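Here is the structure we will look at.
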2 protein chains.
Amino acid sequence: MSASFDLAIVRCGELLTLGGRSVGPRRRSEMSEIGLIRDGVVAISRGKIVWVGTQKEYRRRGRARREIDAEGRVVMPGFVDPHTHAVFAGSREGEWAEKLRGVPYLEILQRGGGILSTVEATRAASLKSLTERAETFLHKMLSCGTTTLEIKSGYGLDLSTEIKILKVIERLADRLPLDLVPTFMGAHAIPKEYSDRFEAYVYQVIEMLSTVRSRARFCDIFCEEGAFGYDQSRRILEAAKRAGFEIKLHAGEFSDQGGVRLAAEFGAVSVDHLDHIQSEEIPLLAQSGAVGVLLPGVSHFLMAKQLPPARALIEAGVPVALATDFNPGSSPCLSMQEIIHLAVRDFKLSAAEAISAATINAAHAVGMGDQVGSLEVGKQADILILDLEHYEELPYFFGVNHAAKVFKKGKMVYQDR
Amino acid sequence: MSASFDLAIVRCGELLTLGGRSVGPRRRSEMSEIGLIRDGVVAISRGKIVWVGTQKEYRRRGRARREIDAEGRVVMPGFVDPHTHAVFAGSREGEWAEKLRGVPYLEILQRGGGILSTVEATRAASLKSLTERAETFLHKMLSCGTTTLEIKSGYGLDLSTEIKILKVIERLADRLPLDLVPTFMGAHAIPKEYSDRFEAYVYQVIEMLSTVRSRARFCDIFCEEGAFGYDQSRRILEAAKRAGFEIKLHAGEFSDQGGVRLAAEFGAVSVDHLDHIQSEEIPLLAQSGAVGVLLPGVSHFLMAKQLPPARALIEAGVPVALATDFNPGSSPCLSMQEIIHLAVRDFKLSAAEAISAATINAAHAVGMGDQVGSLEVGKQADILILDLEHYEELPYFFGVNHAAKVFKKGKMVYQDR
């Protein structure tokens with residue numbers, strides 16, 4: 001029986017399907033199994049993947065109305081970026097220059113810099129200007145191969161600005177050929193007007209939950225010293241669960257506040273950062289079912305002395321994902337390719353592990369593991385053709401964009417020239 | 001009197017002319033003077049810059065047959081990449097993965113890996129395949145804003161392959177809208193067949209000089225322990241000078257072999273690497289007139305423990321330039337934007353210093369300081385429009401390509417979409 005496909009990407013020198021035996025995120029040695037098919041073909045109908053195999057099988061099996069020749073290059077799923085703060089006003093390049101000269105972050109904060117300067121700028125910005133700025137960022141991400149991303153609110157820290165940011169995400173989803181996953185992160189920092197009334201702000205965040213519920217899938221909390229401690233995070237999590245949110249947590253970026261225990265208790269979908277996680281908590285994290293999202297752009301940009309225990313996490317069975325954490329303070333990086341390079345260089349992931357982490361595991365980190373993140377029949381046809389012969393070259397040839405063509409739901413949305 | 005221009009790039013939010021008071025490379029605080037004109041215009045006729053000024057002056061002064069709107073963005077000279085080894089066969093991503101797993105380079109070398117594996121592959125490759133491969137690399141460089149680059153031979157290590165590589169560079173220069181500066185680097189390593197006859201290979205390199213002279217402007221030597229020591233380098237330099245070559249030197253990458261003294265004695269145009277330069281040699285280097293070319297891609301890729309004394313070099317008056325050192329073993333990086341990011345992060349150059357180092361000083365490092373590297377009247381119209389509002393964002397938003405449009409000799413040769 002011969003099938004007819006809308007589109008086939010043929011002559012894929014290395015087709016990385018990321019298909020796996022398990023339905024869930026990939027753990028341990030599964031992270032190295034990227035489903036490589038040499039001389040492969042991926043076929044698409046109505047925006048979905050309908051067939052994957054070798055060129056030889058394809059010649060026997062089917063025919064597509066349109067063929068795109070990958071010319072022997074690497075073809076793989078679009079990147080999923082499961083942790084970004086992409087909607088903000090202003091930028092903080094001057095602050096980074098100060099940090100590099102050795103000015104302490106506390107001094108920068110006291111002068112009105114740091115995250116609260118982004119909050120101030122974002123509050124003052126119009127919906128339109130915020131949308132236009134973020135659209136520029138997301139276009140760049142798309143051109144670097146990201147086809148699905150999570151975006152957090154959290155530069156508002158008041159109800160109206162948090163809603164404004166979530167509305168920007170809705171507009172972006174309408175305008176761009178990207179799947180966007182919105183996360184409410186009112187618990188990102190303590191706003192200036194609450195600086196001496198911390199508990200009142202925790203109450204405020206809990207108050208906001210029901211109003212923003214319809215606009216966000218996840219609720220995230222910056223569980224950290226100087227931000228939201230164990231008890232405060234716990235109260236917000238209880239309310240968020242009641243309101244029907246799925247849970248993400250920032251935990252262990254600068255200190256360990258017991259975020260992993262909270263994640264396990266509340267069934268978090270992901271726990272992100274993990275630089276300062278205690279080794280006792282690693283098995284707990286592995287059992288919890290949460291994806292561990294590592295953010296090598298932050299370690300790189302802030303020249304962190306302590307890195308997350310990536311190898312120990314993988315060996316313990318934590319499904320590890322990678323994200324840009326795109327934000328103006330600690331990771332102004334839009335490219336998952338650069339993140340893969342840094343994960344290999346700094347966290348000692350293999351190229352295959354980093355690719356699993358940036359696709360299938362990242363998809364699970366945003367609750368979309370059944371729709372994107374691998375080239376398997378029934379999933380969205382979110383596909384990259386990279387200007388590379390071997391996938392191991394992806395982290396190796398660093399600092400440039402290797403995306404030659406990007407497809408979202410079977411449509412070509414970016415092409416290099 | 002009203003002038004008429006072929007082309008004007010108008011509404012440059014920040015026009016970085018890199019124009020300076022001195023004709024030579026920029027030293028000390030001059031490296032921070034990037035000639036910023038807000039709301040600027042640069043006008044072009046017959047591929048050269050004929051006028052630079054503000055929008056206001058332009059309205060009074062002239063008119064161009066064609067205008068390109070920079071839409072308030074950053075406009076600057078094309079990057080000059082003064083140190084690359086861009087013509088080679090094979091790649092060595094597997095070797096990097098081994099290094100990251102802790103396998104010593106010596107073990108890799110003994111198994112036939114390392115530089116000699118690239119030599120073997122390059123000797124076996126056809127002129128055509130070498131040209132096609134390098135063309136792909138150079139297209140990527142161009143899309144990242146490099147408009148002039150130096151390319152070294154040195155993966156042949158025998159006369160016929162060294163000539164083949166220099167011929168590839170000639171073909172590339174014919175095919176691509178780039179100024180290419182060819183360098184003969186027969187003294188890059190000791191080929192296998194000479195492994196126990198080191199002196200015979202030095203003699204061989206000296207023999208090659210007259211034959212390759214017409215195809216290369218510079219002669220470069222890897223002055224390093226395990227490669228060419230002080231005495232051997234000295235003999236090659238004497239012969240190269242006699243043959244009419246201008247001089248470049250690899251010095252201080254892993255050890256100090258007195259390369260700076262040689263550079264001073266032989267009037268080298270540039271001394272490159274400098275990671276292990278002795279502090280006593282810095283004033284000598286400053287007096288020598290040579291440009292000090294730093295290679296942050298190498299430090300990053302090899303995770304070097306010792307970095308070059310960038311600040312001390314600048315303070316001593318060494319004109320510092322930056323380069324990718326694009327090569328398969330120690331810096332598979334094609335983008336000068338990534339190099340600028342790393343120079344700011346790791347070598348603590350300011351954004352302005354790094355931009356001077358990647359343009360005007362890099363131009364002097366390849367003996368083209370009078371033709372490229374700044375937007376001054378009479379120079380080539382090699383110009384970038386970056387998708388940025390402020391030049392300080394260039395090192396800050398890292399890992400992506402910010403080039404929106406690239407012009408070579410007044411012609412648009414790359415455009416982002």
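The values are calculated or read from the model by the stated rules, or taken from the named source; none is laboratory data. Everything numeric here is computed off the predicted structure, so don't read it as measured data. As a convention, Cβ positions derive from the backbone with ideal geometry for all residues, glycine included, and neighbour counts pool all protein chains shown.
Could you list all residues from segment A:36-85 that are surrounded by fewer than 24 Cβ atoms within 10 Å (Cβ to Cβ), more than 29 Å from A:F326 (Cβ to Cβ) and small (G, A, S)?
A:S45, A:G53, A:G62, A:A64, A:G72
Filter segment A:198-255 down to residues that are surrounded by fewer than 17 Cβ atoms within 10 Å (Cβ to Cβ) and acidic (D, E) and give me whichever is farthest from the chain's Cα centre (by Cα).
Ranking the qualifying residues of segment A:198-255, first place goes to A:E199.
Which condition does A:G297 not pass, out of (1) free of Cβ contacts under 8 Å to residues at least 40 places away in the same chain; (2) within 14 Å of chain B (Cβ to nearest Cβ), if it passes all the others?
Unmet condition: (1).
Which of the residues that make up segment B:97-116 are surrounded by 15 or more Cβ atoms within 10 Å (Cβ to Cβ) and either of a type in the set (V, I, T) or modelled with pLDDT of 95 or more (or both)?
Selection gives B:I108, B:I115.
What pairs come up if the first residue lies in segment A:120-136 and is under 19 Å from A:G329 (Cα atoms) and at pLDDT 95 or above, the second is of a type in the set (D, E) and buried (at least 16 other Cβ atoms within 10 Å of the Cβ), and their beta carbons are under 9 Å apart, counting only those six or more places apart or on different chains?
Correct list of pairs: A:R123/A:D158; A:T136/B:D387.
How many residues are closer than 29 Å to B:I282 by Cβ and without any contact (Cβ under 8 Å) to a residue 40 or more places away in the chain when one looks only at segment B:16-56?
Keep residues of segment B:16-56 that are closer than 29 Å to B:I282 by Cβ, which gives B:16, B:18-35.
From what is left, the residues that are without any contact (Cβ under 8 Å) to a residue 40 or more places away in the chain are B:21-22, B:29.
Matching residues across segment B:16-56 total 3.
Residue under question is B:F79, and the condition is that it be within 17 Å of B:G145 (Cβ to Cβ) and within 27 Å of the chain's Cα centre (by Cα); does it hold?
Numbers: within 17 Å of B:G145 (Cβ to Cβ): yes; within 27 Å of the chain's Cα centre (by Cα): yes.
Taking the combined requirement at face value, the residue satisfies it.
Within segment A:391-411, which residues are more than 12 Å from chain B (Cβ to nearest Cβ) and hydrophobic (A, V, I, L, M, F, W, C)?
A:F407 - this is the single residue of segment A:391-411 that is more than 12 Å from chain B (Cβ to nearest Cβ) and hydrophobic (A, V, I, L, M, F, W, C).
Given the conditions (1) in contact with a strand residue (DSSP E or B) (Cβ under 7 Å, 6 or more places away or on another chain); (2) surrounded by 24 or more Cβ atoms within 10 Å (Cβ to Cβ); (3) not aromatic (F, W, Y), which single one is not true for A:L349?
(1)
Yes or no: A:A351 more than 9 Å from every other protein chain (Cβ to nearest Cβ) and not basic (K, R)? If you could, list the steps in order and put the result at the bottom.
On the way: more than 9 Å from every other protein chain (Cβ to nearest Cβ): no; not basic (K, R): yes.
Against the criterion (more than 9 Å from every other protein chain (Cβ to nearest Cβ) and not basic (K, R)), A:A351 does not qualify.
Being small (G, A, S), within 18 Å of the chain's Cα centre (by Cα) and in a loop (DSSP other than H, G, I, E, B) is the requirement here; does B:A134 meet it? So that I can check it myself, show each step before the final result.
Details: small (G, A, S): yes; within 18 Å of the chain's Cα centre (by Cα): yes; in a loop (DSSP other than H, G, I, E, B): no.
In short, no.
Which of the residues belonging to segment A:268-288 are without any contact (Cβ under 8 Å) to a residue 24 or more places away in the chain and within 19 Å of the chain's Cα centre (by Cα)?
Within segment A:268-288, A:A268, A:V271 qualify.
Tell me whether segment B:293-316 contains one or more residues that are small (G, A, S), assigned to a strand (DSSP E or B) and under 20 Å from B:L349 (Cα atoms). Write out each step before concluding.
Step one: filter segment B:293-316 for residues small (G, A, S), giving B:297, B:299, B:304, B:310, B:312, B:316.
Pick out the ones that are also assigned to a strand (DSSP E or B) and you get none.
No, segment B:293-316 has no match at all.
When B:T147 is evaluated against the numbered criteria (1) more than 14 Å from chain A (Cβ to nearest Cβ); (2) assigned to a helix (DSSP H, G or I); (3) out of contact with any helix residue (DSSP H, G or I) (no Cβ under 8 Å at 6 or more places or on another chain); (4) within 30 Å of B:S214 (Cα to Cα), which criterion, by number, is the only one it fails?
(2)
Of all residues in segment B:363-397, which are out of contact with any Gly (no Cβ under 8 Å at 6 or more places or on another chain), of a type in the set (G, A, S) and closer than 30 Å to A:C333 by Cα?
Within segment B:363-397, B:G373 is the sole residue that qualifies.
Filter segment A:301-313 for residues that are surrounded by fewer than 24 Cβ atoms within 10 Å (Cβ to Cβ) and of a type outside the set (G, A, S) and give the result.
Those that are surrounded by fewer than 24 Cβ atoms within 10 Å (Cβ to Cβ) and of a type outside the set (G, A, S): A:L302, A:M303, A:K305, A:Q306, A:L307, A:P309, A:R311, A:L313.
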